[in-house]
Structures are given as C-alpha cells and as structure tokens.
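Heads up, the thing below is written out as structure tokens.
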Amino acid sequence: MIVSLANYLVGGMFILSADGIVLAQRYIVSAGYPATVDKVLVSEGDSVTQGTPLLQLTSFDMVKEIAELSVRTSELAVREGELQGKVATNTALLPLAERSANESNSAILRLDRVSTRGLVLANRRDEALTANYQAAERYAQLRAESQVTANELRVVEASRQVAADAVHKMKAIYGEGKVTAAVTGIVGSKIPVPGQVVRLGDEMLQINGGKAYRLLAGWVSFSCHQRHEGSGERRERARDGNS
C-alpha cells in the first residue's frame with residue numbers, strides 16, 4: 001500500500017536506496033567505577049566473542065578502596081587472633097579459679113567450726129577470709145571477662161568476614177582494570193580513547209549482536225500507466241445485470 005501511494009504521489013519512479021548492516025541487538029559496555037582508559041584493544045567493526053579483552057582501565061579510587069579494606073581485614077584478623085588467645089587462656093584458668101574459690105570456702109567453714117572453741121587466732125581467720133574473698137573475686141572476674149571476650153570475638157569474626165567478602169567483591173568488580181566482552185558481536189562506532197576519564201555508569205563502547213541483515217543499494221521503478229479495461233468490463237456487466 002505504501003509503494004502504491006508513493007507511486008501515485010511521485011509518479012514515474014519511486015527509489016529505495018540503502019547500504020549497510022542492520023543488527024538486531026545492541027549491548028552497552030558501561031564503566032563500573034571511575035577510571036582512566038589506559039588502552040583500547042579493539043576497533044570499530046571488530047568481531048568479538050564473550051571474554052574478548054576490550055579495554056584496560058586504571059582506577060585509583062578502586063585501588064585505594066581495595067587497599068583500605070585489605071588493611072581493615074588484616075587488623076580484624078590480628079584482633080581476632082588476640083581474642084582467640086584470650087578466650088583459650090580464660091577457658092584454662094576458669095576451672096582453677098573455681099576450684100580455688102571452692103577450697104577457700106571450705107577452709108572458712110572449717111575455721112568457723114573450730115573458732116567457737118577458741119582454737120584459731122583472730123588474725124589467722126582474717127587472713128583466711130581475705131584469701132577467700134580474693135579467690136571469689138578472681139573467679140567472678142574471669143567468668144565476666146570470658147563472656148565479654150567471647151562476645152567480642154563473635155563480633156570481630158563477623159566483621160572480618162564482611163570485610164573479606166567486600167575485598168573479594170571489589171577485586172572481582174575491578175578485575176585489575178580489564179574490561180572484556182560479555183556477549184558475541186561486532187564493535188560499534190563509539191569507542192573511547194586512551195587517557196579518557198570515565199565516571200561510574202558512563203557508556204564506553206557498544207557491541208552489536210544478534211542476527212545481522214545486509215541491505216544493498218538499489219532502486220525500484222514503477223510505471224504510472226494503469227490498465228482500465230477491467231473497469232470497463234465490470235461496468236458493462238453491471239449494466240447487463242441491472243437490465
């Protein structure tokens with residue numbers, strides 16, 4: 001219908017001209033972080049497959065962030081080791097402290113039994129009471145310290161794991177600045193240049209993929225002459241039918 005309309009409006013000839021490739025899909029390669037383009041490894045029209053190196057980037061922001069997270073992970077690992085040693089020490093000392101406190105209590109009970117008969121000097125009983133108090137105090141401190149240390153150790157372990165996961169993800173995103181093709185296709189006309197600074201989300205280049213179609217140059221000619229015999233015959237038949 002479009003061709004017939006064009007023929008009616010233009011007259012003698014309607015020309016269709018095209019030359020090039022039409023591709024079904026277009027994939028955008030965007031910057032995942034602020035960076036500077038060091039190397040461009042492809043050119044317009046290059047065919048690439050998944051994993052083909054495209055660009056080499058440098059990001060001081062990413063390097064700095066990865067370094068800071070790595071230092072934080074190391075610090076947490078050191079603290080985790082210190083706390084683990086503290087927990088182990090407290091675990092070993094707690095039974096001894098408990099035993100000392102129990103023995104001091106038993107000694108006080110024995111002294112109380114014989115003190116009623118006047119067989120124990122007052123200063124001796126006072127020394128026993130002081131020792132009993134110190135033993136009980138040490139046991140209570142160790143128990144509290146063990147609980148606090150164990151809680152802190154759990155927090156530090158969780159924090160170190162989070163920091164380690166963050167370092168792993170950051171390294172995976174940065175990939176030492178290497179940008180590779182995620183799909184198979186043909187590199188488009190938009191390509192960065194070495195030294196270009198890109199921000200997060202900036203479009204760096206395009207990969208045209210999917211099924212390709214080739215359009216060739218040419219023209220189609222239409223005559224403006226039309227046959228009218230059929231119309232005359234239909235009019236004759238109409239008159240015969242009416243009669």
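The values are calculated or read from the model by the stated rules, or taken from the named source; none is laboratory data. What you are looking at is a predicted structure, and each value in this text was computed from that prediction instead of being measured. SASA here: full protein model, heavy atoms, side chains in, ligands and nucleic acids out. Shrake-Rupley method; radii C 1.70, N 1.55, O 1.52, S 1.80 Å.
Here are the numbers for this structure:
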item	result
Contour minus Cα-Cα distance for A166 and Q50 (0.36 nm per residue)	39.1 nm
Solvent-accessible surface ranking, highest first, for K190, K169 at 1.4 angstrom	K169, K190
Linear extension gain, L96 paired with F60, 0.36 nm per residue minus alpha-carbon span	7.5 nm
